[in-house]
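The values are calculated or read from the model by the stated rules, or taken from the named source; none is laboratory data. What you see is a predicted model, and the numbers here were worked out from it, not measured in a lab. Positions of Cβ are backbone-derived with ideal geometry, glycine not excepted, and every protein chain shown enters the neighbour counts.
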Ligand code: ATP
């Protein structure tokens, strides 16, 4: 197992408190998926389950995220339960949002369930909210939890990539390629809205991958000015179409609002909007996401054996790292400004 050496993230070895059982015979690991679904979650469930069973542990699958902890929707998993799922999108464990888990009363019910089910540790797969809930619960009840970053948004700090991001990016690229065909035929300006409420990774890298003219992302809202510049100077001089990817964030205003603004200011352009929506979440995970999920899932079990808790499994420079929940959640993951420059340079 490798760890980040630069001091930002480090191996956090917490000696097991006497109140929690050290991994060994009869050790039982609960697993759940929570928040928005992401392609590759099934590959992660498979990896966690098989790695745990390989080490001699018992695995209990919790359905519908934290909601299933409150309503005791729990089933013991054997290796066959995760057969033939690595290629499936979505999550076989289902996912849900659970407001009750945000209250101390709700978390007490969840803890009672874990005790009753003899679950000694949890692996949770989800995004920012899921890890926030995990962190609060783990602190409140001194309960060992390891998180896996499962979100298409790639917005968790401390990991180069999250499970599902690469698949969503490829889905966006394929969709934009198709829209480009019609945009070129009609010489239109298209605003294509992609997911990413607080993070522009999908929009920016989706734009680079599909040869789009610009990306409007929440991190740099000044890009609207750049867009106007692009329309004034470039469109139709040398191009048959223009495509702008817009992150769905309130900061950007979304594709509809931008398109209205451009239509008003530049009535000569034939402007259209396409909102990709939920299709970005679906589909069979790419090889990249399957491998990432498999490595992270196996690493989660190693982490528990090493006595880790309150950490998210991350990947940095192709090495598995442990990122304390507090760092993964609280820090905004920076977007590389150089990518914006690349997009600008290549869209002339
Ligand atoms: P995505 O990035 O795809 O939206 P997410 O994990 O961030 O995924 P959320 O809906 O934000 O999705 O969170 C999932 C669940 O985590 C919530 O429904 C809730 O049960 C739990 N959760 C979120 N925030 C908290 C919190 N502050 N305290 C306790 N639990 C929380």
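At pLDDT 90 or above and part of a loop (DSSP other than H, G, I, E, B): does that describe residue 255? The answer is no for residue 255.
Pull out all pairs, ordered by first then second residue, where Cβ-Cβ is under 8 Å, the residues are six or more apart or on different chains, the first lies in region 130-143 and is outside the structural domain of residue 68 (by TED's automatic domain parsing), and the second is more than 11 Å from the ligand (Cβ to nearest atom). Note: no pairs meet the criteria. Counting only helices (runs of 4 or more DSSP H) that sit wholly inside region 54-169, those with at least 3 residues that are farther than 21 Å from residue 293 by Cβ, near the ligand (Cβ under 9 Å from one of its atoms) and over 13 Å from the mean Cα position of the chain (by Cα) are 128-141. Which condition number in (1) touching a strand residue (DSSP E or B) at 6+ places or on another chain (Cβ under 8 Å); (2) part of a helix (DSSP H, G or I); (3) within 25 Å of residue 90 (Cβ to Cβ) is the one that residue 199 fails? Answer for residue 199: the failing condition is (2). Scanning region 291-307 for residues that are closer than 18 Å to residue 54 by Cβ and either in a loop (DSSP other than H, G, I, E, B) or in contact with a helix residue (DSSP H, G or I) (Cβ under 7 Å, 6 or more places away or on another chain) (or both) gives 293, 294, 296, 297, 298, 300, 301, 306. With respect to residue 176, determine if the residue is within 25 Å of residue 334 (Cβ to Cβ) and modelled with pLDDT under 95. No. As for region 170-183, it holds no residue that is buried (at least 22 other Cβ atoms within 10 Å of the Cβ) and not in a helix (DSSP H, G or I).
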